[in-house]
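What follows is one structure encoded as structure tokens, with my remarks underneath.
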Amino acid sequence: MPDFIDKSFDFARIEKYRLSIQIDLNGFSFCIYDVAHNKHVVLKNIGYGKSVSDYADQSKAIAEIIENDRILKIRYPSCNCIYVSPKSTLIPEELFTESRLRNYLEFMHTLDELDEIRYKHLPELKCYCVFALPSPVVVEIAKYQQNIAFINQAYKSIYDLTRIRRNNLLVSFHPGFADMNLFYEGKLQFHNVFDIHDNMDALYYISAVVKQLGVAEDTPIRVSGEISSQDIDELSRYLPSLEAEHNRRMTLLVGYERSYRYYGLLNLHECE
């Protein structure tokens with residue numbers, strides 16, 4: 001998809017802009033939100049141009065992207081960054097101890113020695129989202145942006161659900177996996193990460209969650225991220241309440257497919 005750069009974007013108005021970044025194994029996406037005019041003025045996705053085998057390769061590829069993009073090299077007043085990774089978990093407040101962060105994740109995931117462990121509080125759910133970030137990537141981004149907050153995509157999805165507070169199953173697709181979060185009957189009923197590589201995997205896991213948790217058939221199933229519009233149409237044949245997660249204003253601005261593919265990124269400036 002081509003880059004979106006609004007004609008109103010102005011290098012002289014940087015103090016009015018907020019930068020949001022999303023990083024995964026396939027590439028680097030970012031958008032810029034104009035606070036004064038309440039709209040996005042830039043949305044770009046840039047592939048690495050080569051395969052990345054480890055964090056060092058990824059951080060070098062990110063450095064090249066930033067150095068070769070005039071918009072990215074600018075220091076913005078604030079920056080939020082999502083690092084997409086399945087390495088996350090939720091811990092209830094009563095069981096949370098800051099000194100055991102790495103233990104929480106090692107119980108479920110294989111960690112790299114360069115993973116640094118962080119957490120975000122979800123007070124409405126009385127729990128913490130604990131997640132891993134690759135230290136080389138964090139260091140590289142911090143060279144360019146000082147006032148920066150890093151989060152995991154799972155935290156972002158759950159945060160959105162707590163704001164919406166309506167029955168919803170949110171499914172966010174990423175390279176090789178998907179997050180599923182169910183808000184039902186006034187609370188978060190389910191959170192998990194599944195390895196998903198095709199529509200059969202997606203249909204199996206979504207159907208299993210709906211059936212095992214007794215979710216009403218008309219409960220909205222909202223999908224976003226790395227999924228094609230054709231795949232959404234195919235899944236909706238079997239799951240009639242499934243549709244792309246997007247809003248009309250974003251769709252008019254950047255187009256239907258970009259609106260749901262970058263749904264989490266485009267409203268990241270609202271995330272605390």
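The numbers here are math on the coordinates, done by the rules we state, and not lab data. Fair warning: this is a prediction, and the values are worked out from it, not measured in the lab. Note that each Cβ is placed from the backbone with ideal geometry, even for glycine, and that neighbours are counted across all protein chains shown.
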| remark: Fewest-first ordering of THR110, THR162, THR89 by Cβ atoms within 10 Å yields THR110, THR162, THR89
| remark: Per GNM of the chain with C-alpha springs under 10 angstrom, the most fluctuating residue out of LYS39, LYS50, LYS87 is LYS50
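Output the relative contact order of the chain, whole-number percent, from Cα pairs under 8 angstrom with separation of 6+ residues.
Details: 455 pairs, mean separation 41.2, N = 272.
The normalised contact order for the chain reaches 15 percent.
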| remark: Only helices counted: for the chain, with every DSSP H run of 4 or more residues adding -39500 (n - 2.57) and the sum spread over all residues, [θ] at 222 nm is -8500 deg cm²/dmol
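Charges only on Cβ, +1 for Lys and Arg, -1 for Asp and Glu: so what's the dipole of the stretch 155-234 about the Cα centre, in debye to the nearest 20?
On the way: 7 positive and 12 negative charges, 120 e Å.
Charge dipole, the stretch 155-234, about its Cα centre: 580 debye, nearest 20.
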| query | Which values, in whole Å and largest first, are the semi-axes of the equivalent ellipsoid of the stretch 1-126 obtained as the square root of 5 times each eigenvalue of the Cα gyration tensor? | reply | 32, 21, 11
| task | Pairs of Cα atoms under 8 Å, at least six residues apart: use those to get the relative contact order of the stretch 1-50, whole percent. | result | 38 percent
| query | What residue among GLN145, GLY47, LEU265 has its Cα farthest toward the positive end of the dipole of the stretch 4-270, where the charges are +1 on Lys, Arg and -1 on Asp, Glu, each on the Cβ? | reply | GLN145
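For the pairs LYS60/LYS87; LYS73/LYS120; LYS44/LYS73, flag any whose C-alpha to C-alpha distance is greater than 19 Å. Before the final figure, lay out each step's value.
Values: LYS60/LYS87 22 Å; LYS73/LYS120 28 Å; LYS44/LYS73 14 Å.
Those over the limit are LYS60/LYS87; LYS73/LYS120.
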| message | Once you keep just the Cα pairs under 8 angstrom separated by 6 or more residues, what percentage relative contact order results for the stretch 28-185? | response | 21 percent
